[in-house]
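The block underneath contains the structure these notes are about, expressed in structure tokens.
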């Protein structure tokens, strides 16, 4: 399996992915990432595990909604 696209790499560390999500939107409207006017071709067919980023969804994301009565111990025991 692999990834191909025209918006550059998705490989980034956790802080980098947060920075990408919180950056100021570009003034120009573009189909490409960060308002670029030209594509940035990228292909990745490595077999390396995916890094943990803020883009991960579902149970991989590490998100948990705290409920009344939760303790660190009860949360950890439920994972």
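The values are calculated or read from the model by the stated rules, or taken from the named source; none is laboratory data. A quick note: this is a predicted structure, and the numbers were derived from the prediction, not measured. Cβ sites come from the backbone with ideal geometry, for glycine too, and all protein chains shown count toward neighbours.
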Residue hits (segment 20-43; part of a helix (DSSP H, G or I) and surrounded by 12 or more Cβ atoms within 10 Å (Cβ to Cβ)) are 20, 33, 34, 35
Taking segment 4-19 and keeping only residues that are in contact (Cβ under 8 Å) with a residue 12 or more places away in the chain and assigned to a helix (DSSP H, G or I), one is left with 14, 16, 17, 18
Does residue 46 satisfy the condition of being assigned to a loop (DSSP other than H, G, I, E, B) and either touching a strand residue (DSSP E or B) at 6+ places or on another chain (Cβ under 9 Å) or at pLDDT 80 or above (or both)? no
